[in-house]
Amino acid sequence: MKYETLVLFLDGTLSPETLAFEIADEVASCNEAFKSGDIGYIVISDGPLKIVTRDSARRLLAAVAFDRLPFELANYVSDCIIMSDDFEFEDDIVRDAINFIEDDSRPPTHEETLEALRLLD
């Protein structure tokens, strides 16, 4: 994923639908490699330090909650944020919200996503 693309989404300049279009093939390749027993690489280019704010986390969770970004893609986005040294969280609530989406043990329910979204207020 391009750092710039992720920042544009987090800042609200890039829509969830456009983000999905731009990263869908990359996410599919990563997931296919993982499912076939290979290593699926999550890659994000470098950029300057970016603080992930409550508004940014709210944008990601809302995109999932209101079906504007599939969970699988949002999960990849959250992995990129967590694995990159170029992103820091505004506070623990933001960290928890990003970790909520990063947990791929099972997709969250709509109600769970809405509750996680409410915690950002």
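The values are calculated or read from the model by the stated rules, or taken from the named source; none is laboratory data. It should be emphasised that the depicted structure is a prediction, and the values quoted were computed from it without experimental measurement. All Cβ positions, even for glycine, are placed from backbone atoms using ideal geometry, and neighbour counts span all protein chains on display. Each accessible area value is taken on the protein alone, full model and side chains, heavy atoms only, with ligands, DNA and RNA left out. Shrake-Rupley method; radii C 1.70, N 1.55, O 1.52, S 1.80 Å.
Annotations for the structure displayed:
- Summed over all non-identical Cα pairs, the Kirkwood treatment of the range 4-65 gives a radius of 13.0 Å.
- Given +1 at the Cβ of Lys and Arg, -1 at the Cβ of Asp and Glu and no other charges, the dipole of the chain around its Cα centre is 200 debye to the nearest 20.
- Comparing Phe100, Phe89, Phe34 in a Gaussian network model of the chain (Cα springs below 10 Å), the most mobile by mean-square fluctuation is Phe34.
- Portion, in percent, of the accessible area of the range 1-99 that falls on carbon or sulfur, probe 1.4 Å: 53 percent
- Gap separating the Cα centres of the range 10-74 and the range 84-121, nearest whole Å: 13 Å
- Signed unit charges on C-beta, dipole axis of the chain, positive-most listed residue Ile44, Pro16, Asn99: Pro16
- Sequence-distant residues sharing a close amide H with Val52 (under 5 Å, placed H): Glu88, Phe89, Glu90
- Normalised contact order of the range 4-93, rounded percent, pairs of Cα under 8 Å and 6 or more residues apart: 36 percent
- On a per residue basis, the range 1-60 carries 58 Å² of accessible surface, using protein heavy atoms and a 1.4 Å probe.
- Listed residues Leu14, Leu60, Leu73, most fluctuating in the chain (Gaussian network, C-alpha, under 10 Å): Leu14
- GNM top mover of Thr109, Thr53, Thr18 - the chain, alpha-carbon springs below 10 Å: Thr109
- Selection from Val77, Phe87, Ala65, by position along the positive dipole direction of the range 51-90 (Cβ): Ala65
- Here is how the number arises for the chain: DSSP H runs of 4 or more residues each give -39500 (n - 2.57), the sum is divided by the residue count, and the result at 222 nm is -19000 deg cm²/dmol.
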